[in-house]
Amino acid sequence: MNRSDRFRTGMATRRAVLGAEYVDEAWARAQDRAQDVAFQEYLTEAEWGSLWARPGLDRNTRSVVAIACLIATNRPAQLKVHLESALLRNGCSPQLIKEVALQTAAYCGTPAAMDAIAAINAVLQEIDELGGETDQTVRRAASNPKPSKLSPPDADPENETDSLPPTSRDAKETGRIESRSNGQVNQKAALRKARGRTRK
């Protein structure tokens, strides 16, 4: 893979993991300083184009590894970035992330684990206050949809007599679900805008 390919791959991976809006803002801030642009290029190619894009680990696992390393090296700003990424985009559950923080207590020290758990709780509270959901919760709901009047669990899809016409209550529920789905995108964007710090 040549430099141009690594950059394109890295940019796509970085936007997928950290969010397109955040990455675009990071690049916009770097334009005023040549050294900042060079650093953004390095991050995009080396970290995201060469490491995060490798096939050996999935993004869920890479998020867990990144979080453990950031706890060990005491990097709270970047820890918050990767906690948000893991919970909102990479399919990690709050339980998994807290278990990782607990494990670090044995190898990084109890104070580091305590700070990490506090950071996890703060991120979860921020997500909850903005009305968002973790990516793992959304995926679980999508893979285990609840039966509804519009789709009876024992209905034969080829038998028209099994189909029930939507009621006004069903229509309202459908509207709430669609509104919630569309709102989640806006909530994640609001969460990214609420961050007043520099990230990778």
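The values are calculated or read from the model by the stated rules, or taken from the named source; none is laboratory data. The structure presented is a predicted model; accordingly, all values stated were derived computationally and were not measured. So basically every Cβ, Gly included, is an ideal-geometry build from the backbone, and we count neighbours across all protein chains shown.
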- Taking region 26-39 on its own, how many of its residues are among the acidic types (Asp, Glu) and touching a helix residue (DSSP H, G or I) at 6+ places or on another chain (Cβ under 8 Å)? 1
- Item | Residues that are surrounded by 13 or more Cβ atoms within 10 Å (Cβ to Cβ) and either without any contact (Cβ under 8 Å) to a residue 12 or more places away in the chain or within 19 Å of Ala66 (Cα to Cα) (or both), drawn from region 26-38 | Ala30, Asp36, Val37
- Task: Check whether at least one residue in region 77-85 is hydroxyl-bearing (Ser, Thr, Tyr) and under 15 Å from Arg15 (Cβ atoms), and report yes or no.
- Result: yes
- Note on the structure: Filter region 1-56 for residues that are among the polar types (S, T, N, Q) and assigned to a loop (DSSP other than H, G, I, E, B); the one that is modelled with the lowest pLDDT is Asn2
- Query: With respect to Val65, is the statement that it is in a helix (DSSP H, G or I), modelled with pLDDT under 95 and among the β-branched types (Val, Ile, Thr) true?
  - Reply: no
- In region 72-84, anything out of contact with any Cys (no Cβ under 6 Å at 6 or more places or on another chain) and either charged (D, E, K, R) or closer than 15 Å to Lys98 by Cα (or both) is listed as Arg75, Leu79, Lys80, His82, Leu83, Glu84
